[in-house]
Each structure stands twice: as structure tokens, then as C-alpha cells.
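Here's the structure, in C-alpha cells; my notes come after.
The values are calculated or read from the model by the stated rules, or taken from the named source; none is laboratory data. Owing to the predicted nature of the structure, the values given are computational and were not obtained by experimental measurement. Neighbour counts run over all protein chains shown; Cβ positions are idealised from the backbone, glycine included.
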Ligand code: NAP
């Protein structure tokens, strides 16, 4: 690439936004040109608007950069990465797409819209062609979404098994990190030494998003996604972990393969989209752990810049056939890094240049 592409980040002061700012500060293709947040932050220096919570250089070197309001008429970058809450995203993101921007959204607002690709590039990069359906409607740009963070971890662990055997049913219980709730997030009196057995809307998101992502792109009569038909049940809990969602997964696979066959499939897995060579793709996508007490969020989740998914304790399940533990970084793989991968995919596919 001869020059770097200008990129705007919406919600730049939040948990996900800060990680986007940090990633973009050293990105080979992109240059962060606009930091946007709410009216509360607009007009301030980034350092005055943002409660920076990441290790390393504070504010990623952008302490003096001005923060602007999320005004669709004034944000003119061709690529916009949105780390906004769903309610704000619902208004703003279509306005940006209408004026020609490609919006990579972390929010849930449009994930299940029939013409919006819900992308984890190593799993379903081909679904990006769905943006054609949005542009048929007269929109010049488009919205693409990354899934809920819990869904992202789950589909990355399931993809090798879906390809090798075919999935018939999935049961997943999550132990989700506090950072998944944004900043300041869950009240400390609720979070400390406790488990909160409810995260509003989360279980429904996981159940519907996973079948869309692991579905197939159909070309006729129009470009659309045919969702997978496996049964899926999710239970989601919040635990006192800072970063990293752990998931206890049970899965029923066609042909009832042994744990050894499942391990072999996981070990042999190579993303069908690895040849895209997107800069934020990790060299090893699924890291297998042999030790019975791994993976653990504190020990494993930061590996590979938080972009790989960890799988351990693959064993026989008396109910579904196979069970295992998966772990992934909610705010990196499940949010900032995932959205950035989607932006890279749009460039690689020639939608944005
Ligand atoms: P957060 O820490 O609460 O940050 C929210 C951001 O949105 C802040 O920059 C805030 O700016 C801005 N904002 C709030 N109200 C606004 C308004 N009316 N207009 C414009 N900007 C506004 O949230 P987060 O955890 O980063 O999550 C951001 C999005 O990513 C959400 O949709 C969330 O569901 C999704 N997500 C999060 C995670 C995770 O692990 N945290 C994972 C996957 C997806 P101010 O600072 O000015 O208020």
C-alpha cells in the first residue's frame, strides 16, 4: 500500500475504543485520523476525555489529539470503526453508510439484519459479499459487524469441528470477564468475589449469531445467508475476571467422533481464509492446551495479542458426545481486534481503497 488509509474511531474513549486506538497507532495500513465520542467528551483533548486503562504508552501517544462528537455529517473517513453502544449505533451507523463510509461495528444493532455480514474473517470471510445487498438498496457505503464477544470465542472453537464433522447441537456456559461490560461496568459490590448469573440479552445473542456465522452464503435468488440449523443453548454468567471469557462447551457432532479425532481436527485446522493474510490475523488461530488446568484467563488470554482462541480439556461428554473449555479475549479478539480484522478484510477485498 502506497499510503495509509484514514480511519475514524467512534467511541474512542471506551473499553473497546481505547484498544482500537492502541492497535491503530501502529497499524501497517491505517492511520487514525478522527477520535469521536459523546458530547461529554467532544472538544476535549483525548487525555482529558478518556480514563485510559491500558498498560503501555498512555493514550497510545495521542494525549493531545482532539475528541470530536459523533456527527455523521462531519466524519468523512472512508473507513469508520464503531465502538458505540447499540442505541447510538442504530442512529449513526446507517447515516454514515449512506454518505459512503464503510462502518465496522462492534454494536449489536445490525448484527442480525439480513443484509449485514456478521464476520469473523477466519471463519466466514466469504459472507462479506453480503454488502452487495445493502448497496442494492441505494446505500453507497455499508455496515459490517463483528459478533458479540462470547459468540466470537465460541464460533472460533466450533469452526474446525463444523468443517470436519458437522455440528448437530451445542450447549455453552460462559464465565465472562468484567471488561465485557464496558467502563466502569459492573458495580464493585456486585462483582467482587461473586458470580452474577445473568447478562441481559447475551444468551439470545450467542444463540442467534452463532448459526448465522456458521451458515452458508447463498447467491440466488439474491445474496443472502442460510443460517446453520444446529440446536444451540447458551447460559451466560459474569465472573470477577478482568479480561477473557471462558466457555464450557458441549457439542454433538455428526458421526460421534472420539475425543482423539476431535483433537486431531482441532490440531489440523487451518482457516480456509488464511490466504487473505490480514495483518491482524494471529499466526496460530486455535491454541490447544494439554494440561488439565488450562486454559486460564490470567495465564493465557494475552497470548498472540489476544487474537487466538484457546481450547483445552477435550473429553467425552455423556450427554452430547464431546465437551471442552474455550477461552478468548473479549475486548481484543471479541471486539477491537475483531473489528479491525473486518476493516482489513474490506480493504483486501477492494471495497475500500
Ligand atoms: P464503553 O466502555 O461504555 O464505551 C462507550 C463509548 O461510547 C465511549 O467512548 C462513550 O463516550 C461513547 N458514547 C456513549 N454515549 C454516546 C453518545 N450518545 N454519542 C456518542 N458516543 C457515545 O463500552 P465498550 O465496552 O467499549 O463497548 C462499546 C461497544 O462494543 C458496545 O456496543 C459493546 O456492546 C460492544 N462490545 C464490547 C465488548 C467488550 O469486551 N467491552 C466486546 C464486544 C462488543 P464518552 O466517554 O464520551 O461517554
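Which residue, of 154, 158, is assigned by TED's automatic domain parsing to the domain that holds residue 286, away from the ligand (no atom under 16 Å from the Cβ), under 22 Å from residue 285 (Cα atoms) and in contact with a strand residue (DSSP E or B) (Cβ under 8 Å, 6 or more places away or on another chain)? Spell out the reasoning first.
Values: 154 fails: away from the ligand (no atom under 16 Å from the Cβ).
Selected residue: 158, the only one of 154, 158 that is assigned by TED's automatic domain parsing to the domain that holds residue 286, away from the ligand (no atom under 16 Å from the Cβ), under 22 Å from residue 285 (Cα atoms) and in contact with a strand residue (DSSP E or B) (Cβ under 8 Å, 6 or more places away or on another chain).
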Can you find, within the stretch 32-72, the residue that is surrounded by the fewest Cβ atoms within 10 Å (Cβ to Cβ) among those that are in a strand (DSSP E or B) and near the ligand (Cβ under 8 Å from one of its atoms)? 69
Search result, residues across the stretch 73-91 that are surrounded by fewer than 21 Cβ atoms within 10 Å (Cβ to Cβ), within 6 Å of the ligand (Cβ to nearest atom) and in a loop (DSSP other than H, G, I, E, B): 85
So, residue 278, is that one in a helix (DSSP H, G or I), closer than 24 Å to residue 10 by Cβ and under 18 Å from the mean Cα position of the chain (by Cα) or not? no
List the pairs whose first member sits in the stretch 10-30 and is on the phi > 0 side of the Ramachandran plot, whose second member is within 9 Å of the ligand (Cβ to nearest atom) and modelled with pLDDT of 95 or more, and whose Cβ atoms are under 6 Å apart, counting only residues at least 6 apart or on separate chains? 11/17; 11/83; 11/84
Kindly indicate whether any position in the stretch 321-336 is surrounded by fewer than 20 Cβ atoms within 10 Å (Cβ to Cβ) and assigned to a loop (DSSP other than H, G, I, E, B). no
Within the stretch 266-275, the residues that are assigned to a helix (DSSP H, G or I) and under 23 Å from residue 334 (Cβ atoms) are 266, 274
Of all residues in the stretch 242-256, which are in contact with a strand residue (DSSP E or B) (Cβ under 7 Å, 6 or more places away or on another chain) and not in a strand (DSSP E or B)? 244, 254, 256
Looking only at the stretch 226-239, decide whether some residue is outside the structural domain of residue 127 (by TED's automatic domain parsing) and at pLDDT below 95. no
Selection status of residue 126, away from the ligand (no atom under 14 Å from the Cβ), surrounded by fewer than 24 Cβ atoms within 10 Å (Cβ to Cβ) and within 20 Å of the chain's Cα centre (by Cα): yes
Taking the stretch 93-110 on its own, how many of its residues are within 10 Å of the ligand (Cβ to nearest atom) and surrounded by fewer than 24 Cβ atoms within 10 Å (Cβ to Cβ)? 2
